[in-house]
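Heads up, the thing below is written out as structure tokens.
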Amino acid sequence: MNPSISRFTHMDDWIFEVKLVRALRVKNYGDPYTAVATLSVNGDHMYIDTQMTREGDDFTRKDFNTFCHFCRDLEVKSMHYDKMKNGERMSRIIDLSKSHVQTTPIVRLVK
């Protein structure tokens, strides 16, 4: 994956701005994917408009962390999405200036 992502690309007399992204959860492009999401950028805010997975598959903490990394690479300040919990829609706004990405595993001691 490209280590540097820019929202703006200048070519000739044009500036191309990333406004819409389709994300696929898959190891290799072209292979069948297990999840898809549509993201749109409005100013400094990223909106996750669509999240769909195969039946019986959910978005994971790893997926969430990947989306946070992507949004930070595009230098957006917040990520907005809806989450379904117990059949009810819950809107969430994540402030990307705060750390929400788990970089080290949590160790728990149990008896």
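The values are calculated or read from the model by the stated rules, or taken from the named source; none is laboratory data. All of these numbers come straight from a predicted model, not from anything done at the bench. As a convention, Cβ positions derive from the backbone with ideal geometry for all residues, glycine included, and neighbour counts pool all protein chains shown. For the accessible areas, the whole protein counts, side chains as well, though only heavy atoms, and no ligand, DNA or RNA atoms are used. Shrake-Rupley method; radii C 1.70, N 1.55, O 1.52, S 1.80 Å.
Remarks
- Taking 45, 80 and ordering them by how much accessible surface each has at a 1.4 Å probe, largest first, produces 45, 80.
- Most to least accessible of 54, 25 (protein chains only, probe 1.4 Å): 54, 25
- Only protein heavy atoms count here; under a 1.4 Å probe, residue 88 has an accessible surface of about 120 Å².
- Listed by chain and number, the lysines whose C-alpha is less than 19 Å from the C-alpha of residue 85, apart from same-chain residues fewer than 8 away, are 62.
- Set of aspartates and glutamates near residue 83 by C-alpha distance (under 19 Å), chain-local residues within fewer than 8 positions excluded: 49, 55, 57, 58, 63, 95
- Treating r as the C-beta distance of residue 84 and residue 22 and R0 as 25 Å, the FRET efficiency rounds to 0.75.
- Theoretical gain in end-to-end length, residue 29 to residue 13 [0.36 nm per residue, Cα-Cα removed]: 2.6 nm
- For residue 10, the solvent-accessible surface with a 1.4 Å probe is about 130 Å², rounded to the nearest 10.
- Per-residue accessible area (protein heavy atoms, 1.4 Å probe) orders 47, 29, 81 as 29, 47, 81, starting from the largest.
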